[in-house]
Each structure stands twice: as structure tokens, then as C-alpha cells.
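Read the structure below first, then the notes.
The values are calculated or read from the model by the stated rules, or taken from the named source; none is laboratory data. All of these numbers come straight from a predicted model, not from anything done at the bench. Because the Cβ atoms are built from the backbone with ideal geometry, glycine has one as well, and the counts that use them run over all protein chains shown.
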Amino acid sequence: MTTYVFDTPIVREGPAGGHRLFYFYKLNRGITIIRDNGTYKQVRYLVDEDLQNYQEVYLGGRRHMVDEDTKARLIAGNVGVTEANFTAQ
């Protein structure tokens, strides 16, 4: 079975600072994907104590190792995850 590296979806936010030159620069912010009661959701802000309540947690801005079945479930979950979020190992 093939293993994949899963890069969570990102959103570009800006400006990155208060100076006028920062208005031209945007930062990538990772979006966390959770599975709660069998349903995948995008979450931006989590509390550490809540992490244990979810079935699966893929923290935004990080790389996660997943198998083919998990990859298929994430894509089918309709949370902005596509084939482009995965790299075969």
C-alpha cells in the first residue's frame, strides 16, 4: 500500500505587517482538518484540550503521513482537499 505525504490546505493572508511595503506581501496560513463524528471539517482556531475529542486531527501548516484509504476519505470529505495536497512516498 502506498504512503502519501498530506499537506493541509492553506489560505493566503495579508498584509504581513504595518509598513506600506508589507501590503504587497502575504503569508500562507495552514488550515487544520478534523474528523468529528465521521465528518471532515476545516477548522482555523483550535483549543488544545479539544483535540482529544476528535477522531482524526491534521494540524494546519504541517505534513502528515497517510495511507491510500485515508487519502480517499479526505478527498471525498469535501473540505478543500484535492489530489494536489498529496505526494506519494
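A few points about this structure:
- Considered as a group, the residues in region 3-24 that are assigned to a loop (DSSP other than H, G, I, E, B) and modelled with pLDDT of 90 or more include one that is nearest to GLY61 (Cα to Cα), and that residue is THR8.
- Of all residues in region 2-14, those being surrounded by 14 or more Cβ atoms within 10 Å (Cβ to Cβ) and touching a Leu at 6+ places or on another chain (Cβ under 9 Å) number 2.
- Whenever a residue of region 15-28 is surrounded by 11 or more Cβ atoms within 10 Å (Cβ to Cβ), its partners that are modelled with pLDDT under 90 and assigned to a helix (DSSP H, G or I), lying with C-beta atoms within less than 8 angstrom and at least six residues away or across chains, give the pairs PRO15/PHE22; PRO15/TYR23; PRO15/PHE24; ALA16/PHE22.
- Residue match in region 66-79 (condition: basic (Lys, Arg), surrounded by 11 or more Cβ atoms within 10 Å (Cβ to Cβ) and under 24 Å from GLN89 (Cα atoms)): yes
- Taking region 34-49 as the range and being surrounded by fewer than 10 Cβ atoms within 10 Å (Cβ to Cβ), part of a loop (DSSP other than H, G, I, E, B) and at negative phi as the test, the residues that pass are TYR45, VAL47.
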